[in-house]
């Protein structure tokens, strides 16, 4: 049976990539999965195509002719919140941090398996749909064992209410709104404490530690709010929903 019926909207993917071997494999593989694929072979062409047409998601290489992937990602974010997945051979930590701060939704390093990439695409799109539905009502976030009532500023874990301070509530809400995504310490501090915050990241770490005592079965061996060493924190959706 086809993965997409004729009545379903096909997901439009923009691939910005200059390596022909990856382009051929992606175009054929994604088409077989039911995606509608457009290709740009340099950064400038990719940005022009993105601004001219409507896409559901962008697969963006970092090392591109004419315009770097970093600049393309920055330009896309200036115009749109369309999901962006970085697909690149560059896996250095500094690139990861910068890309997340620029607004990339995920990253996959080469070489990769098509099945993994497709799973990442679908996961990012599901997260985006979840955020959009949350934005529509903006009254409640429900993810696995955690339920957060935004208007009433109440939070429940496995049906039991937990008492959160203002910053703890804001921090947990931000993690819940970005499930599965690594949020850097800088991004978390900026969003929760404000861009004019003066201090180190120990304040954030203390708040994370307290959240873990309220959410985790074993706070010293966290399963839900995990640390990405040298980068930040991530809410593990597969574990918190299981």
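The values are calculated or read from the model by the stated rules, or taken from the named source; none is laboratory data. Since we're looking at a predicted model, the values are computed, not measured. Cβ atoms come from the backbone with ideal geometry, glycine included; neighbour counts cover every protein chain shown.
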Members of the range 144-177 that are buried (at least 18 other Cβ atoms within 10 Å of the Cβ), within 22 Å of the chain's Cα centre (by Cα) and assigned to a loop (DSSP other than H, G, I, E, B) | 144
Matching option when the condition is in a helix (DSSP H, G or I), over 20 Å from the mean Cα position of the chain (by Cα) and in contact (Cβ under 8 Å) with a residue 24 or more places away in the chain, among 49, 70 | 49
How many residues of the range 16-46 are closer than 21 Å to residue 116 by Cβ and either part of a loop (DSSP other than H, G, I, E, B) or not assigned by TED's automatic domain parsing to the domain that holds residue 72 (or both)? The answer is 5
Output the residue which, of all residues in the range 76-107 that are farther than 14 Å from residue 57 by Cα and not in a helix (DSSP H, G or I), is modelled with the lowest pLDDT.
-> 92
Among (1) closer than 19 Å to residue 103 by Cβ; (2) modelled with pLDDT under 90, residue 193 falls short only on (1)
All conditions in (1) more than 22 Å from the chain's Cα centre (by Cα); (2) in contact (Cβ under 8 Å) with a residue 40 or more places away in the chain; (3) loosely packed, with under 14 Cβ neighbours inside 10 Å are true of residue 54 except (1)
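Might you let me know whether the range 217-225 holds any residue that is assigned to a helix (DSSP H, G or I) and either within 20 Å of residue 102 (Cβ to Cβ) or at pLDDT below 90 (or both)?
For the range 217-225, residues assigned to a helix (DSSP H, G or I) and either within 20 Å of residue 102 (Cβ to Cβ) or at pLDDT below 90 (or both): absent.
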